[in-house]
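This report concerns only the one structure given below.
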Protein chains: 2
Amino acid sequence: MPPYNAPVQDMQFLLHDVLGVSGQDIAGYRDLEASFTAAVLEEAGKVARDILAPLNASGDREGCRLENGVVRTPAGFKAAFEAVKQSGWTALDCDPDYGGQGLPYIMGTAVGEMFVSANMAFNMYQGLTHGAYSAIHAHGTSAQKATYLPKMVSCDWTGTMNLTEPHCGTDLGLMRTRAEPQTDGSYKITGTKIFISAGEHDLAENIIHLVLAKAPGGGEGTKGISLFIVPKFLVNDDGSLGARNGVAVGSIENKMGIHGNATCLMNYDGATGYLLGELHKGMRAMFTMMNEARIGVGLQGYAVAEAAYQASLAYAKDRLQGRDVTGTKNPSGPADALIVHPDIRRNLLEQKSFVEGARALTFWGATLIDRAARSKDASAEGLISLLTPVIKGFLTDKGFEMAVQAQQIWGGHGYIEDNGAAQFVRDGRIAQIYEGANGIQALDLVGRKLAADGGKPIMALFEMVKGFIKDNEGDARMAPFLGPLKAASKDVQAGAMYFMEHGLKNPNNALAGAYDFMHMMGHTVLGLMWARMAKTAYAGLDAGTGEAAFLNGKIITGQFYMARCLPATAVHLARIKTGGDVVMSLPEAAF
Amino acid sequence: MPPYNAPVQDMQFLLHDVLGVSGQDIAGYRDLEASFTAAVLEEAGKVARDILAPLNASGDREGCRLENGVVRTPAGFKAAFEAVKQSGWTALDCDPDYGGQGLPYIMGTAVGEMFVSANMAFNMYQGLTHGAYSAIHAHGTSAQKATYLPKMVSCDWTGTMNLTEPHCGTDLGLMRTRAEPQTDGSYKITGTKIFISAGEHDLAENIIHLVLAKAPGGGEGTKGISLFIVPKFLVNDDGSLGARNGVAVGSIENKMGIHGNATCLMNYDGATGYLLGELHKGMRAMFTMMNEARIGVGLQGYAVAEAAYQASLAYAKDRLQGRDVTGTKNPSGPADALIVHPDIRRNLLEQKSFVEGARALTFWGATLIDRAARSKDASAEGLISLLTPVIKGFLTDKGFEMAVQAQQIWGGHGYIEDNGAAQFVRDGRIAQIYEGANGIQALDLVGRKLAADGGKPIMALFEMVKGFIKDNEGDARMAPFLGPLKAASKDVQAGAMYFMEHGLKNPNNALAGAYDFMHMMGHTVLGLMWARMAKTAYAGLDAGTGEAAFLNGKIITGQFYMARCLPATAVHLARIKTGGDVVMSLPEAAF
């Protein structure tokens, strides 16, 4: 396994040439000059390469252990966590009022990608803390913020989110965990939560659990649910740690991957909890965490694929096997490198064009989040809300597929655990499942987001594509981008139209095509990203700025994506148009 | 995990209604009456369910261990292997001259599917023995056959195939293992082989290794390669076991899956070997094993998907989550079962329609193998030779994809190893890699099989499709099958035409589209299978024979495949037509 190499050049290209961050009118963006972001990214890349990546395979092999109620993380995790904390990476995009560095979310995204590529399981300890931080920051009282946020920004205390119970995951209305109000305004929380990432571990002094539970009087289903802060150790008024709370890990899961992260069953036995946000409006507060978490999971999808791509590329350049049919490339060696073979290049280009397109989409999405949060821009909010299920669902599906393709390049050696290619497949797999399985993302997209705000966000996206095409159709070099983009965008529109026409008659006509719609939209927005990147690359070449080899590589990679990947929208549309009956008519007994 | 349930009804439908085996003019087929095959399949299904399946998860957890040169298989494997041997399953389709039962290959295929579904890792011990048996049967002297075959038929001795070396897998011309001729006509074999499935274990008295090695005088590359029989214990003239041979296991691999099968590094240190077949024509002899092995691996692809489907279907019927949007189906329960949701049904129908189509293709392929071998039918030989890379490549790619989809239905529970869904994914993954990685299958198909025998086999396939369409276009009920089949077949023809027109100019124009062509052809032959099954089902309904619910289920499942899956050929064709430049033009340094 070659060392992880942070894609700083590509990130700088996105931040400055494509997205022009320092010129955007978002608070804090003016400071994001190229030299500054380069310094941050270079430094983060070193942490990823030198501190996190070396623990990836060993963390996978060793996994977490539960011993007498204590979860031991793999060797080296504690020291690495301290190093990451000490150098301030956990505080990067947090609020300065609570010890954060106040950088925009886009910078947290870029650094996060590196850390996930280097060691996904490790980075979850910090990632989940950030999600819990955001929920408390958005919904907490000033006292709660003062009590919890500074310690969570520094990751002296970590955070969790507790939704799932043994009998309910997606359908939270079935929840059984109860919250009983106490005379002092606190609650007693009782119930069992499962699949709690980082629910217990040895990296932090305290763990702040955010727990969904039903408090009396809220009614049936999800309406009765509230969100509670349940610290592992109660916090005294002076901020010191008090009594151990009534929450304990019951067991940890033996999982297919992300072995370095402890996935816990948590027992709440009359644990003291504090209401976070409004009573009986816990779902709304939880969604603050979930939307951020979903984009973070989409990032995991492509970040793991990036690491897998790097490893498979190194193997393809190194491994000698067979000869180039058009003439040997390595006459002095016993064979040519794998990378001369067209099918190996097809495989590598699918990986590369996906990862770079996904990075562009995620970075663009991060600027939308910043614009929504820092400039209170409702249209940015609408757009990122529309794109969130696409980022989560499409990027994790494709990211996994690409990790599998990367493994394939290694042949039999990819199936051997010691070589590392298999771990990317096993780790990446979870991203399709957690934070709302991808089928749920598709339903969220089609059932909720398409029609949100009278369809304004999706119309805005179509207009954006149309405008881009119109602005660039004078440039003949852009034809290989504009044609496929136009066709794909038409397919998405036709799909949305089909849902409108037939979904009212029977919602199954829409729901049976939701998954295809998510993928169709994913391809199309990646196509838009590639068209933008190509335009930027041509502009750089015309102006003689930037590295020509890099810019030409961008254009060729983009041409591959447009020619080879974007046509997939046609088959997704064809599938959508077969409607609901073909899916619903088989009697249950005949399955 | 529900118990494995052998699909006897579907197999009987294929054997008798679709393929009409007992009416086919192939030696031994007349005996395959419905009552006879039902008895065999029922009995095999019990072995699969009661003996093999219960060891699947435990074998995965425990794995194999190497202790002082001895490989210990997981608890229970030895007793189960004895049970399978004692009841004659290993001898099923072997030559009666050597103790076999002489049933056709089609019966071995049907039973093999069950055993693989129940426990893929376990069944490999027998499966590889069968491959080695076939090679000795086809190429051995009478003395060799008499010495080795009876013990291999009974699996008292097992077999292996040794091709790969650390530095060469696909490119066997780089092989370093040497064979030195001895004065007594034997050879001394020296070298290291890796990835040797069942290379060492505790299930058999002796292990018969078939080893590729270079003997002097054969020239460079693959031309110098010969095939040798290298027994673990030399065999005395009276058939008893003699001295331990100079071959030993060096290590066993820690793999992503198939933990119950020992994957060995084998050291040959002047081991005594006996030439099998002609000197310097080892590749040809090895291909006897490889073609059989490739179809066997294709079978693994869908057999694992069948097991994963059964498990995910049971989960979808059992797990209560959410409500049917068109009206609750389980008003007295807290929620409806997962299977009411359109996206869950889409997922399940993709699995079901793939597995049943793949079974039909594989069973049809098995009759072609029988026809080629037992009736010396050259056109059957040509057709199965064409279909072999499709069966291996397409069925293992899709089989893996379907195992992943099955796991997805379990949500987070699918990621937990103890629940079993993850094992199907990890086990099934290897089928895409070994016996020629799927990229190699695609090259074999496009570079060799398409043009084989002047293109007769592919033309015969096109004619078969055309004939079927013509014969059935009078039946309006068949329209949902014939339209998509015609379109898909046209796409395949257009792809082949593109290769002919542009491949001569530059072979990369064909090689860069080979993988897509393999998938396009896979979908089309599965479409042909579904059209045949639908026709048979309608005939059964018209005649009032067969179970109406089963036959109607077949038709609806087939309609799903034709409507939802077959349109994929269009995008594969579009990708093929983008040619080789889009894949070849990125400079190596720009990856």
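The values are calculated or read from the model by the stated rules, or taken from the named source; none is laboratory data. Nothing here was measured: the structure is a model prediction, and the numbers come from that model. Counting neighbours? That spans all protein chains shown, and the Cβs are built from the backbone with ideal geometry, glycine included. With ligands, DNA and RNA removed, areas are computed over all heavy atoms of the protein, side chains included. Shrake-Rupley method; radii C 1.70, N 1.55, O 1.52, S 1.80 Å.
Annotations
- Each semi-axis of the equivalent ellipsoid for region B:209-348 is √(5λ) with λ an eigenvalue of the Cα gyration tensor; in descending order they amount to 54, 18, 13 Å.
- Over region A:157-281, the hull volume per residue, using the convex hull of the C-alpha atoms, is 103 Å³.
- Using C-alpha pairs below 8 Å separated by at least 6 residues, the relative contact order for region A:8-139 is 23 percent.
- Per-residue ellipticity at 222 nm, computed for the protein assembly as shown from helices alone with -39500 (n - 2.57) per DSSP H run of at least four residues, works out to -17000 deg cm²/dmol.
- Backbone phi angles across region A:187-198, fed through the Karplus curve with coefficients 6.51, -1.76 and 1.60 (θ = phi - 60°), yield HN-Hα couplings of 10, 9, 9, 9, x, 10, 10, 10, 6, 8, 5, 6 Hz in residue order; Gly and Pro are listed as x.
- Think of each Lys and Arg Cβ as +1 and each Asp and Glu Cβ as -1; about the Cα centre, that makes the dipole of chain A roughly 960 debye.
- Prolate/oblate/rounded call for region A:400-515, Cα gyration tensor, a/c under 1.5 rounded: oblate
- Antiparallel bridge percentage (DSSP; both residues within region A:157-281; nearest 5): 80
- Net charge dipole size for the protein assembly as shown [Lys, Arg +1 and Asp, Glu -1 on Cβ; Debye, nearest 20]: 1340
- Reach of B:Lys535 by Cα under 17 Å, taken over aspartates and glutamates that are not fewer than 8 positions away in the same chain: B:Asp10, B:Asp17, B:Glu356, B:Asp471, B:Glu473, B:Asp475, B:Glu547
- Listed by chain and number, the aspartates and glutamates placed with their C-alpha closer than 14 angstrom to that of B:Lys577 are B:Asp491, B:Glu501, B:Asp516; residues fewer than eight positions away on the same chain are left out.
- For chain B, averaging the sequence separation of C-alpha pairs within contact (under 8 Å, six or more residues apart) and dividing by the residue count gives a relative contact order of 12 percent.
- In region A:157-281, Cα pairs under 8 Å separated by at least six residues give a relative contact order of 30 percent.
- Per-residue average of Cβ from other chains inside 10 Å of B:425-431: 3
- Considering all different alpha carbon pairs of region A:450-580, the Kirkwood hydrodynamic radius works out to 15.6 Å.
- At most 14 other Cβ within 10 Å, DSSP loop - chymotrypsin sites (Phe, Trp or Tyr not before Pro), region A:104-187: none
- Rounded to the nearest whole Hz, the Karplus-based 3J(HN,Hα) values (6.51 cos²θ - 1.76 cosθ + 1.60, θ = phi - 60°) of region A:3-20 follow the sequence x, 5, 10, 5, x, 5, 4, 5, 5, 5, 4, 5, 4, 9, 7, 7, 8, x, with x at glycine and proline.
- Shielding by partners - mean other protein chain Cβ count within 10 Å, residues of B:406-415: 6
- Fraction of C-alpha pairs exceeding 38 angstrom in chain A: 31 percent, rounded to a whole number.
- Between the helical axis of B:548-560 and the longest alpha-carbon principal axis of chain B there is an angle of about 80 degrees.
- Taking all C-alpha pairs of region B:8-139, those more than 19 Å from each other amount to 54 percent.
- DSSP-defined beta bridges in chain A - what % are antiparallel, rounded to 5: 85
- Other protein chain C-beta atoms within 10 Å of residue C-beta, averaged over B:563-570: 5.
- For region B:475-513 and region B:18-63, distance of Cα centres in Å: 35
- A:Ala243 paired with B:Glu205, simple spin-label distance in nm, labels 7 Å along Cα-to-beta-carbon: 7.3
- Residues whose amide H falls under 5 Å from that of B:Lys255, counting only those 5 or more places apart or on a different chain, are A:Glu417, with hydrogens built in the peptide plane.
- In this structure the amide hydrogen of A:Glu165, modeled in the peptide plane, comes within under 5 Å of the amide hydrogens of A:Ile194, none closer than 5 places in sequence on its chain.
- Entries of A:Lys329/B:Lys449; A:Lys554/B:Lys449; A:Lys281/A:Lys456 with Cα pairs more than 32 Å apart: A:Lys554/B:Lys449
- Spin-label zone in region A:446-467 - amide nitrogen under 19 Å from a point set 7 Å from the Cα of A:Ser379 along the C-beta vector: A:450-467
- Between B and A, buried accessible area from a 1.4 angstrom probe totals roughly 7600 Å², ignoring ligands, DNA and RNA.
- For A:Val235, residues with placed amide H under 5 Å, excluding near neighbours: A:Gly242
- For the peptides A:563-570, B:560-567, the ranking by mean Cβ contacts within 10 Å, running from highest to lowest, is B:560-567, A:563-570.
- Exposure rank, largest accessible area first [B:Arg176, B:Arg319; 1.4 Å]: B:Arg176, B:Arg319
- Unit Cα scatterers, Debye sum, the protein assembly as shown: log10 I(q)/I(0) for q = 0.05, 0.08 Å⁻¹: -0.34, -0.89
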